[in-house]
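Asker: Dumping the structure here so I can ask a few things about it.
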Amino acid sequence: MNIPRLSSLRAVLADPKRWRRWALEALIVIGIVAAITTWQNSGLASGVAPPLAGTRTDGSTVKLGAGDTARLVVFWATWCKVCKANAGNIEAVARDWPVITVAMQSGEREEVAEFLDERGWQVPAIADDDSNIADAWGVRAVPAHFVVDPAGNIRFRVLGYTTSWGLRARLWWANTFPL
């Protein structure tokens with residue numbers, strides 16, 4: 001077994017050429033990730049949140065507008081594996097923040113309600129089988145997360161899997177620092 005000596009490790013860390021190369025590689029990776037994220041979010045709604053109203057799977061009605069606190073709007077689908085993996089994070093956030101979920105291309109309200117009941121998910125959803133709501137928000141891929149501030153402005157847009165702490169941090173930011 002070849003264990004590197006402390007002196008050779010110090011020599012590696014002291015080499016400015018190596019640090020410059022690592023910094024350049026890190027900047028390239030950050031640039032690629034930023035470019036991909038910008039491209040993914042290019043069609044998503046921004047600015048003032050589009051209208052969003054409907055009847056949830058539990059029979060309650062919801063309407064997005066100006067409010068007292070930031071809200072999370074999540075678009076998902078029953079056929080989406082990433083959405084299923086992300087569901088626990090959404091439920092955790094929903095215990096502390098207002099959350100509106102929209103099930104796009106997943107059937108009528110009764111079908112979506114049955115799907116939620118089978119999995120024991122507690123957050124009700126608006127069924128958007130014809131994708132009218134999703135189209136208004138520019139959503140073409142799921143899961144899509146929008147953080148809407150108290151004034152009704154979209155502050156953050158995230159496509160794909162995201163953590164509950166990442167969503168909580170964005171909600172806190174939108175709630176604490178108004179535009």
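Asker: Touching a helix residue (DSSP H, G or I) at 6+ places or on another chain (Cβ under 6 Å), free of Cβ contacts under 8 Å to residues at least 40 places away in the same chain and open to solvent by less than 80 Å² (accessible area, probe 1.4 Å): does that describe THR57?
Answerer: So THR57 fails the test.
Asker: Oh, and also: Select from the range 157-171 the residues that are in contact (Cβ under 8 Å) with a residue 12 or more places away in the chain and on the phi < 0 side of the Ramachandran plot and list them in ascending order.
Answerer: Residues satisfying the conditions are ARG157, VAL158, LEU159, TYR161, THR162, THR163, SER164, LEU167, ARG168, ARG170, LEU171.
Asker: Still on this model: For the condition at pLDDT 95 or above, open to solvent by less than 70 Å² (accessible area, probe 1.4 Å) and more than 19 Å from the chain's Cα centre (by Cα), what is the one hit in VAL99, VAL112?
Answerer: Just one listed residue meets the conditions, VAL112.
Asker: Inspect the range 24-37 for any residue being within 15 Å of ILE126 (Cα to Cα), surrounded by fewer than 13 Cβ atoms within 10 Å (Cβ to Cβ) and at pLDDT 80 or above and give the result as yes or no.
Answerer: The answer is no, given that none of the residues of the range 24-37 is within 15 Å of ILE126 (Cα to Cα), surrounded by fewer than 13 Cβ atoms within 10 Å (Cβ to Cβ) and at pLDDT 80 or above.
Asker: Scan the range 147-156 for residues that are open to solvent by 10 Å² or more (accessible area, probe 1.4 Å), assigned to a strand (DSSP E or B) and in contact (Cβ under 8 Å) with a residue 60 or more places away in the chain and jot them down.
Answerer: ASN153, ILE154, ARG155
The values are calculated or read from the model by the stated rules, or taken from the named source; none is laboratory data. Everything quoted here is computed from the prediction, not taken from an experiment. FYI the Cβ positions are ideal-geometry reconstructions off the backbone, even for glycines, and counts take in every protein chain you see. Keep in mind that these areas ignore ligands, DNA and RNA; they rest on the heavy atoms of the full protein, side chains included. Shrake-Rupley method; radii C 1.70, N 1.55, O 1.52, S 1.80 Å.
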